[in-house]
């Protein structure tokens, strides 16, 4: 299957629009296609390097819906913010997650050196799914791959304004630009 790709537009000099990193792609399955990536499955119910309003849950209940096909514990964020913070001095240029019940109001915010570098919303991902005619039955869940190319991030915020932002199998890596282009 050819990956579905979303390029995030950024304004340059007023009305001129350019596309910059990151590149967002969907892939099949519930985990990363990147060999050697560090994957946090939450199966051990631990969330090292995570802080804030996120919790590890299993199953569905009124404020969280289990991602499609996922029978394991997953990460759920209530209406506020949770964050992943890389080890001191470490940054990554790839992030992947099995994004469960993709909602328009879910947001991923990426930071480097305390500065926001990009925001990717559930609306962006749903638009990508829709633009390519990919239809998902029920509440959509998809593995989302985010490639930053030469840029990197050291913190991710998971935000939602309405319950909840559900995800699993978070993957972190540094991929070569040519490797990301080949995917």
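Annotations
- In the stretch 102-114, residue farthest from residue 161 (Cα to Cα) [restricted to those that are touching a helix residue (DSSP H, G or I) at 6+ places or on another chain (Cβ under 9 Å) and either in contact (Cβ under 8 Å) with a residue 60 or more places away in the chain or assigned to a loop (DSSP other than H, G, I, E, B) (or both)]: 102
- Residue selected from the stretch 70-89 under the condition over 21 Å from residue 105 (Cα atoms) and touching a strand residue (DSSP E or B) at 6+ places or on another chain (Cβ under 9 Å), by the criterion surrounded by the most Cβ atoms within 10 Å (Cβ to Cβ): 73
- Filtered residues of the stretch 40-50 (kept if under 15 Å from residue 87 (Cα atoms) and modelled with pLDDT of 95 or more): 40, 49, 50
The values are calculated or read from the model by the stated rules, or taken from the named source; none is laboratory data. For clarity, every value in this text was computed on a predicted model and none was experimentally measured. Every residue, glycine as well, gets a Cβ built from its backbone with ideal geometry; the counts of neighbours run over all protein chains shown.
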